[in-house]
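Novice: Got a structure here, written out as structure tokens. Questions coming.
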Amino acid sequence: MSRKKEQSLAAEIGARLRRIRIRNGWSQKEFAERLGVTPSQLSRWENGKILPDTESVIDICDAVFVQSDEILRGIGEVRGMLDVDVDLRDLIRIIERLDIQYRNHARETLRAIVAQARQDGVSARVAERAK
């Protein structure tokens, strides 16, 4: 990989990490603790100064419930964007392991929430994503 391409990738990954941290209301210290790194290490990643190594990418993915493509390539609603609500993703993982009756109840509840959001005028893009 060329140096220029590596710098660009480091900046993109750093922006995704920062977006995840801010979206979840964490300080750099809190996010670093969750990832098992120092705040200065996280700062270097967020500022695009260095790329996280492979093991760190795996640890990041495990800590915030994302796939490596989401971190590395920005796969999501719009390439480059990454909205991750870690608590919500954790709840979804828990719900997926429940008995079918609880999963069905969760589906019904979530559908009702999405329907209410549509009724309240949430943008079509957000509502469509939730289908």
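The values are calculated or read from the model by the stated rules, or taken from the named source; none is laboratory data. This structure is a prediction, so every number in the text was calculated from the model and none was measured. Backbone-built Cβ (ideal geometry, glycine too); neighbour counts: all protein chains shown. Calculation scope for accessible area: heavy atoms of the full protein, side chains included, ligands and nucleic acids excluded. Shrake-Rupley method; radii C 1.70, N 1.55, O 1.52, S 1.80 Å.
Novice: Starting from residues that are under 14 Å from the mean Cα position of the chain (by Cα) and not in a helix (DSSP H, G or I), keep the ones in the stretch 18-51 and report whichever is nearest to residue 83 (Cα to Cα).
Specialist: Across the stretch 18-51, the extreme among qualifying residues is 24.
Novice: State all residues of the stretch 10-25 that are closer than 27 Å to residue 93 by Cα and either in contact with a helix residue (DSSP H, G or I) (Cβ under 7 Å, 6 or more places away or on another chain) or of a type in the set (Gly, Ala, Ser) (or both); if no residue qualifies, say none.
Specialist: Hits for the stretch 10-25 are 13, 14, 15, 16, 17, 18, 20, 21, 24, 25.
Novice: Being at pLDDT below 90, open to solvent by 60 Å² or more (accessible area, probe 1.4 Å) and within 30 Å of residue 109 (Cβ to Cβ): is that true of residue 71 here?
Specialist: Spelling it out, it is not the case that residue 71 is at pLDDT below 90, open to solvent by 60 Å² or more (accessible area, probe 1.4 Å) and within 30 Å of residue 109 (Cβ to Cβ).
Novice: Inspect all residues belonging to the stretch 21-28 and state whether any of them is in contact (Cβ under 8 Å) with a residue 60 or more places away in the chain, open to solvent by less than 40 Å² (accessible area, probe 1.4 Å), at positive phi and not aliphatic (A, V, I, L, M).
Specialist: The initial filter retains those residues of the stretch 21-28 that are in contact (Cβ under 8 Å) with a residue 60 or more places away in the chain, namely 23-24.
Going one step further and asking which of them are open to solvent by less than 40 Å² (accessible area, probe 1.4 Å), we end up with 24.
Adding the requirement that they be at positive phi leaves none.
No, that holds for no residue.
Novice: Kindly evaluate residue 5 against the criterion of being surrounded by fewer than 19 Cβ atoms within 10 Å (Cβ to Cβ), out of contact with any His (no Cβ under 6 Å at 6 or more places or on another chain) and in a loop (DSSP other than H, G, I, E, B).
Specialist: Values: surrounded by fewer than 19 Cβ atoms within 10 Å (Cβ to Cβ): yes; out of contact with any His (no Cβ under 6 Å at 6 or more places or on another chain): yes; in a loop (DSSP other than H, G, I, E, B): no.
Criteria not met by residue 5.
Novice: Further, regarding this structure: Please go through (1) of a type in the set (S, T, N, Q); (2) closer than 19 Å to residue 62 by Cβ; (3) touching a residue at least 40 places away in the same chain (Cβ under 8 Å) for residue 7 and return the number of the only condition it doesn't satisfy.
Specialist: Residue 7 satisfies every listed condition except (2).
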